[in-house]
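The values are calculated or read from the model by the stated rules, or taken from the named source; none is laboratory data. All values reported here derive from a predicted model rather than from experimental measurement. Neighbour counts are summed over all protein chains in view; Cβ atoms, including those assigned to glycine, are modelled from backbone coordinates with ideal geometry. Quick note on the areas: whole protein, heavy atoms, side chains included, nothing else; ligands and nucleic acids left out. Shrake-Rupley method; radii C 1.70, N 1.55, O 1.52, S 1.80 Å.
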Amino acid sequence: MKLERMDKILAARTAYSRKDAKKLVWQGRVRHNGKIASSPDAKVDLEKDTLELDGKPLLIQAHLYLMMNKPAGVLSAARDPKQPTVLDLVPEQYRRTGLFPAGRLDKDTEGFVLITDDGEFAHRILSPKKHVPKTYCARIDGPMTAQMEEGFSKGVVLEDGTLCKPAQLTILEEAEQPLCRIVLTQGMYHQVKRMFLAYGRRVLWLKREAIGGLWLDETLAPGESREIQDVEMKMLLGKI
Ligand code: URA
């Protein structure tokens, strides 16, 4: 059982302040386990109770974990005064305070972004010490060479001299502009692009396909998101 005051939950899970959350209850707009609530200080069990505001269910569990298929052209930042961000794409029913994208993709990169309000979990996914692999698919502007394949498997030396950890490289499509899959266990700035650039190749298109053992749900259109299921949380951490 995890009990929390109703007005506190309402303020955390909606755009209303704590003061306005109390008013919502007094105005009879909130239902607790199906019945109209009368007291904003009533205790709500985050694990099994339900809350509705104006007839719409509120997600009240302690933390939220969303899988988003980020489109190119959108920043994977929390907020930006000028440009659209992944948080602007989060559907109304999932909006709550404290959400942020766990890890960054470049503006022109597409694919799997984890959006959560759980800082501790995000750290487990992102910390280089935890080695949670990230899988990318890239189209590059020139053919692959044996030297590149060897370099990726041993650790690419970037143009600034930084030595990367070994990465898996698989060619998915042999072509003038080949398609390949890259699995990284570290997350340096522009890492995939810089690794290819070390061999004079430019990345023409880049998509993150998986975090840990959890693959992007391909039924999500660019810009769409959905909740990550409990079993998928274990896949994220590579536990199944
Ligand atoms: N590597 C890159 O170069 N860009 C990304 O967005 C992610 C990994």
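Being within 31 Å of the chain's Cα centre (by Cα), surrounded by 13 or more Cβ atoms within 10 Å (Cβ to Cβ) and in contact (Cβ under 8 Å) with a residue 40 or more places away in the chain is not true of R18. Could you tell me which residue of segment 169-215 is farthest from the ligand (Cβ to nearest atom), considering only residues that are in contact with a strand residue (DSSP E or B) (Cβ under 7 Å, 6 or more places away or on another chain) and β-branched (V, I, T)? Step by step, filter segment 169-215, then rank; the result is I171. Inside segment 23-41, can you point out the residues that are open to solvent by 30 Å² or more (accessible area, probe 1.4 Å) and within 22 Å of H63 (Cα to Cα)? Within segment 23-41, R31, H32, N33, D41 qualify. Does E150 satisfy being open to solvent by 40 Å² or more (accessible area, probe 1.4 Å) and part of a loop (DSSP other than H, G, I, E, B)? Answer is no for this residue. One residue stands out among those in segment 44-64 that are open to solvent by less than 40 Å² (accessible area, probe 1.4 Å) and not charged (D, E, K, R): the one that is modelled with the lowest pLDDT, which is A62. Close Cβ contacts (under 6 Å, 6 or more residues apart or on different chains) running from residues in segment 66-91 that are in a helix (DSSP H, G or I) to residues that are charged (D, E, K, R) comprise V86/K70.
Check off (1) more than 16 Å from the ligand (Cβ to nearest atom); (2) surrounded by fewer than 19 Cβ atoms within 10 Å (Cβ to Cβ); (3) farther than 18 Å from E224 by Cα for Q93 and give me the number that stays unchecked. Here Q93 meets the rest and fails (3). One residue alone among L158, L126, L114 is in contact with a helix residue (DSSP H, G or I) (Cβ under 6 Å, 6 or more places away or on another chain) and in contact (Cβ under 8 Å) with a residue 40 or more places away in the chain, and that residue is L158. Among the criteria (1) crowded, with 18+ Cβ neighbours inside 10 Å; (2) touching a His at 6+ places or on another chain (Cβ under 8 Å), the one L10 does not fulfil is (2). What do you reckon, is K234 free of Cβ contacts under 8 Å to residues at least 24 places away in the same chain, within 16 Å of the ligand (Cβ to nearest atom) and on the phi < 0 side of the Ramachandran plot? So K234 does not fit the description; no. Go through segment 185-236 and report how many residues are more than 22 Å from H131 (Cα to Cα) and part of a helix (DSSP H, G or I). So the answer is 1.
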